[in-house]
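These notes are about the structure you will find just below.
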Amino acid sequence: MSTSVAGAVSPTRQAMRRARRDRSARVGFALVLLLILIAAAAPLLVRLAGQDATTYHIDLLDPARGNAPRGAAGGMSGTHWFGVEPLTGRDLFSIVVLGLRTSLVIAITVTLITTVAGTLLGISAAYFGGWYDAIVSRLLDFLFGFPQLVFMIALGIIVPAKVSRTLLLIGVLSVFGWAGLARLIRNQARSLVTREFVEAARSVGSTGWMVITRELLPNLLGPVLVIATLAIPGYVGAEAALSFLGVGVPPPTPSLGRSISDSIAWVYTGADPWFLLFPGAMLFLAVLGFTLLGDGVRDAFDVRLRRTN
């Protein structure tokens, strides 16, 4: 069954048109697109720079300064565009672009998993109700009350090193990440299940799956897109924070969070403040881009703003 009048533009399409006119959304989209292109082309960029993220350049370090990079600006040169990492001499440009790739792969994968799981569980709980809704609700209460950060840190310590930390991070963040979206979608879907178009779909013999995917989901696409877009910077920050604490992606896999963690001592002593600049700037741009895009999408779907335009 169709919920819109023939020839009318759907609310979702109208909202996306408003998002395209929003300056913050355009800036955020351009920044996100640039970062995704950098992450996708990271191996090629590293090869063009003539470096890699694993080779040690001990000759570029100064033992008299605690093995800080020789020269000014953290050892930046035509060969090492962002300088080199203290203690190891690894190329910092390679570490930063490959670290961005790691962060975005984890954040986008977790967002896709949690968005699909949270949306389907939230809508199905509202539609079927009864014991199924009760079980989903108790599971949500459990996840909201569980000490997630402590569990993530503990799990990162006790899980054997042979287990991929990237997959472990994706799994743990996904397990806890879908609950917020599921609760929001469940609450909004409950106001739709008694509407006329849902009853009409049932009366013509539509299955529960058809009602959920063809009737309820299109009407909830707005909040789903908003939450999914705003969730990505949160997962970028979560991956960086766990790597900062030493329970994220282990070396030698590049990670922005671990690079920032390693740079703190060098910034504190003043030996190499440049070590923090590039990983921190890349993390900041990633979070900023997705946040601006998410804010623009949220404003486009905001009913109050829609009424004033």
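No value in this document is a laboratory result; all are computed from the given coordinates. Everything numeric in this text was worked out from a predicted model, so none of it was measured. No Cβ is skipped: glycine too gets one built from the backbone with ideal geometry, and neighbour counts run over all protein chains shown.
Computed quantities for the displayed model
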read-out: The stretch 70-140 - Kirkwood radius from inverse mean 1/r over Cα pairs (Å); value: 15.9
read-out: Cα centre as origin, Lys/Arg/Asp/Glu Cβ charges: the stretch 14-98 dipole, Debye; value: 820
read-out: Whole-percent pair-distance distribution, where bins are 5 Å wide, for the alpha carbons of the stretch 167-225; value: 4, 17, 22, 19, 14, 11, 7, 4, 2, 0
read-out: Two-decimal log10 I(q)/I(0) for the stretch 193-309, as the Debye equation yields it once each C-alpha is a single scatterer, q = 0.12, 0.13, 0.16, 0.19 Å⁻¹; value: -0.66, -0.71, -0.84, -0.98
read-out: Residue-by-residue Karplus 3J(HN,Hα) for the stretch 218-231, coefficients 6.51, -1.76, 1.60, Hz, glycine and proline x; value: x, 7, 10, 5, x, x, 5, 5, 4, 5, 5, 5, 6, 6
read-out: Semi-axis lengths (Å, descending) of the ellipsoid that matches the C-alpha gyration tensor of the stretch 25-74; value: 33, 15, 7
read-out: Dipole of the chain [Lys/Arg +1, Asp/Glu -1 at C-beta], most positive-end residue of I106, S206, P233; value: S206
read-out: Coordinate range along principal axes, alpha carbons of the stretch 128-206, Å, largest first; value: 55, 23, 19
read-out: Cβ-defined net charge surrounding S206, 11 Å radius [Lys, Arg +1; Asp, Glu -1]; value: 0
read-out: Net charge of Cβ neighbours under 15 Å - reference R186; Lys, Arg +1; Asp, Glu -1; value: +1
